[in-house]
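Asks: I have a structure I would like to understand better, so I am pasting it below and will then ask my questions one at a time.
Values quoted throughout were computed directly from the atomic coordinates according to the rules given, and no laboratory measurement underlies them. Computed from a prediction, not measured in an experiment: that's the story for all the values here. No Cβ is skipped: glycine too gets one built from the backbone with ideal geometry, and neighbour counts run over all protein chains shown.
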Amino acid sequence: MNAYQSVRLVATDLDGTFLKSDKSVSAQNLETLHMLGEKGIIRVIATGRNLVKTREVISSEIPFDYIVFSSGAGVFDCNNEKLVYHQNMDGDVTRQLSEFLTGRDLNFHLFNAVPENYRCWFHRGSASCVEFENYHRTHQLHSEPMPKDIRIISESCQFLVVFPNDLDHFLNFKLEIENSFEGIKVVRTSSPMETGYIWMEIFHKSVSKGNGVKFICDSLGINHENTLGIGNDFNDLDLLDFTNYSYIVENGPAEMKGRFLSARSNEESAFAQVVRKYI
């Protein structure tokens, strides 16, 4: 079979990839989604957003089959409206990391276990951080201060730590955390607010967009060779390493562009452009 006729699953990042910068969906991308559905090809969102935040920009009228949310911590079956997979950090690791980050006086959020991970605790460090405050305002209805007795915290989905745009500082701290704690992974993400800050996300070691999509493939009997992925940032690396035909959009980081195939920017319906090469 010709490779251009063999794709059975298409997975796309959301912000900066499928969505335009104003969070709208282009007519070309929506039309392409419907075309994929007519051909029986599985349509997957793979996003760093939690499920509630994903549904704020992707209504049920936008036809996806699955949502891999919170960077792979959960997988939601849209057609049957049910959670089919989740992976959280256990309570001991969560408490130890909470004490460690609090002790370093960092600004961070700690999200509840899936499926309640739209709720979070926060710790405000002594050094003011505009990025932390801007993000906090978008979650303040579902957040509360980190409890003084950290022992009451149980399982969690993830930590989100905000760093200034100092890559060496980020990488050194990443190495320190990975050497100090077992069973976790540390992911670098560019700020979606386009402010230059670096976000550190900490998950259970098995969490990734690639593993979320692999779970779907294994459940449906879809071979890795029959997958296509498109992304725009460092938290898409595992996704693009898993999919067979993998694209980075023009607005993605320069460090990723030599590693994957190239697509237009998210403002130019990159999703539609890439998919129509294969379908």
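Asks: What ranking do 45-52, 160-167 get when scored by the average of other Cβ atoms within 10 Å per residue, highest first? Please list the in-between numbers first.
Replies: Details: 45-52: 24.4, 160-167: 16.9.
Going from most to least packed, we get 45-52, 160-167.
Asks: Can you give me the Cα centroid spacing of segment 11-72 and segment 147-186 in angstrom?
Replies: Value for the Cα centre distance between the two parts: 29 Å.
Asks: Okay, next question. With 24 Å as the limit, write out which pairs from K257/K277; K82/K209; K174/K214; K205/K277 have Cα-Cα distances beyond it, or answer none. Mind dumping the intermediate values first?
Replies: Values: K257/K277 19 Å; K82/K209 18 Å; K174/K214 26 Å; K205/K277 34 Å.
Flagged as over cut-off: K174/K214; K205/K277.
Asks: Evaluate Rg over Rh across segment 91-204, taking Cα atoms for both radii and Kirkwood's formula for Rh.
Replies: Numbers: Rg = 13.2 Å, Rh = 14.2 Å.
Rounded to two decimals, Rg over Rh is 0.92.
Asks: Report relative contact order for the chain in percent, whole number only (criteria: Cα-Cα under 8 Å, sequence separation at least 6).
Replies: Details: 550 pairs, mean separation 61.1, N = 279.
The value is 22 percent.
Asks: Please list 3J(HN,Hα) in residue order for segment 39-49, calculated via the Karplus relation 6.51 cos²θ - 1.76 cosθ + 1.60 where θ = phi - 60°; whole Hz, with x for glycine and proline.
Replies: 8, x, 8, 6, 10, 10, 8, 10, 10, x, 5
Asks: Something else now. Take peptides 96-102, 228-234 and line them up by average Cβ neighbours within 10 Å, highest first, as a rough protection proxy.
Replies: Details: 96-102: 17.6, 228-234: 25.7.
By packing density, highest mean first, the sequence is 228-234, 96-102.
Asks: With +1 assigned to the C-beta of every Lys and Arg and -1 to the C-beta of every Asp and Glu, and no other charges, what is the dipole magnitude of the chain about the Cα centre in debye, to the nearest 20? Present the calculation step by step, with values, prior to reporting the outcome.
Replies: Numbers: 27 positive and 37 negative charges, 75 e Å.
About 360 debye.
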